[in-house]
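Shown next, in structure tokens, is the structure this report addresses.
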Amino acid sequence: MPAEGHLPYPTQLRPRFGSVFMRETKILEIIRSQVSTAGDDAAIVPFHNSYLILTTDMLHRTSDFPAGATPVTIGWRSVAVSLSDLAAMGAKPLGILLALGDPKLEEGFVNGVLGGAMACCRSVGTTLIGGDIDRHQELTLVTTGIGEAKQPIRRAGAHADEVVCVTGELGRTEAALALFAKGETKQANALFQFSPRVYWGRKLVGLATSMIDISDGLAHSLHLLAQEGRVGFAIDARKLPFLSELDQLFPSHERLERILFGGEDYELLFTIPQHLLKGGTNHVCCSVIGRVIKREVLLDGCELPDKGYEH
């Protein structure tokens, strides 16, 4: 075990670009200072007696799709990331828009992307309703998710003494990337086609007090919830659920790092009062990983760094 107050985390965690670029967190701070409604997984727009929930995401070949990712996987994952944002707000998806830019726009590739995108939409009961195509020097996909929620779940709202939960298992994308690197593309593609947690997100409406999807790593997501809710978290490392493949792909001392700081798990991280947990989440596969405290984000009593996957 590490000495008290120190955890075996690297000082640098997989930056996508060189240090000459502004950090993503700094860019988001600039946006937040000028766009007062920013701060949740999706935008909330009042509409009649409900709310429209709107989100958009951009994915690129070099940063988001490793060699070996099939066109079907590319289409599925592009749509799934926006559906995950809707899930984190407890929204019902109404439709997805998809814009595709590619140097060649070959028929087989386009059909594969469309097939994956539509299959992902069908998996959560929604449809691909439109989009745009263009020739571009690098494969680029932009998806826009449109949803509806009468009671959106925000990132702010956690209270001390509530419990912290996470759906599913962590480490899916870390495992997939390792398998892609080893040339085991069939299993890697299967893992990359993650299931957006739309059903579970909707089941948590009226129960979860705050929620976020884990897109940039568990540690950073915890810090985002803590910042928005002005609270802290005490997390128990032994309770973190992880994909069994991590044991096969990484040594045990590295597994925790992958779970905490590896990006793009797209599971739901949420807080909920203890008394609602047993009866209210019987249709949601989740694990209690800690509790809400007044301040600080702690893992086994030590400060958890605010680090994760950056664009």
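Summary of computed values
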read-out	value
nm² value of the averaged projected area, convex hull over the Cα atoms of segment 41-149	6.7 nm²
Size of electric dipole in segment 163-303: Cβ of Lys, Arg +1 and of Asp, Glu -1, about Cα centre, debye, nearest 20	560 debye
Longest exposed-site-free window of the chain, the sites being trypsin sites (Lys or Arg not before Pro) in a DSSP loop that have at most 16 other C-beta atoms within 10 Å	24-103
Built amide H within the under 5 Å cut-off of residue 94, gap 5+	146, 147, 148
Farthest positive-ward along the chain dipole, Cα basis, beta-carbon charges - from 244, 149, 233	149
CD proxy at 222 nm, helix term only [per DSSP H run n ≥ 4: -39500 (n - 2.57); per residue of the chain; nearest 500]	-10000 deg cm²/dmol
For segment 163-303, with +1 on Lys and Arg beta carbons and -1 on Asp and Glu, the positive-most of 170, 274, 192 along the dipole	274
Counting DSSP beta bridges with both ends in segment 163-303, the antiparallel % (nearest 5)	85 percent
Integer Hz, Karplus 6.51/-1.76/1.60 couplings in order for segment 69-84, x for Gly and Pro	6, 7, x, 4, 4, 4, x, 4, 5, 4, 6, 4, 5, 6, 5, 5
GNM top mover of 143, 70, 62 - the chain, alpha-carbon springs below 10 Å	62
Net dipole in debye of the chain [+1 Lys, Arg Cβ; -1 Asp, Glu Cβ; about Cα centre; nearest 20]	560 debye
Residues of type aspartates and glutamates that residue 307 reaches as a straight line, Cα spacing below 14 Å, ignoring anything fewer than 8 places off in the same chain	24, 216, 257, 264
Residues whose placed amide H lies under 5 Å from that of residue 297, excluding near-sequence neighbours	233, 304
J(HN,Hα) series, segment 252-264, from Karplus relation 6.51 cos²θ - 1.76 cosθ + 1.60, nearest Hz, glycine and proline x	4, 5, 9, 4, 4, 4, 5, 5, 6, 10, x, x, 6
Alpha-carbon centroid distance for the pair segment 90-110 / segment 166-211, whole angstrom	20 Å
Listed residue (84, 124, 97) projecting farthest to the positive dipole end of segment 41-149, Cβ model	124
Cα-based convex hull volume of the chain per residue, rounded to whole Å³	142 Å³
Calculated from backbone phi, Karplus (6.51, -1.76, 1.60) coupling profile of segment 124-133 in Hz, x at Gly/Pro	10, x, 10, 9, 7, 10, x, x, 7, 10
Where chymotrypsin sites (Phe, Trp or Tyr not before Pro) in DSSP loops with at most 15 other Cβ within 10 Å are excluded, longest remaining stretch of the chain	22-311
5 angstrom amide H check on residue 164, placed H, neighbours 5+ away	289, 290, 291, 292
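Bear in mind that the values in this text are calculations on the coordinates, not laboratory data. Source: prediction; values computed, not measured. Quick reminder, even Gly has a Cβ in these numbers, built from the backbone with ideal geometry, and neighbours come from all protein chains shown.
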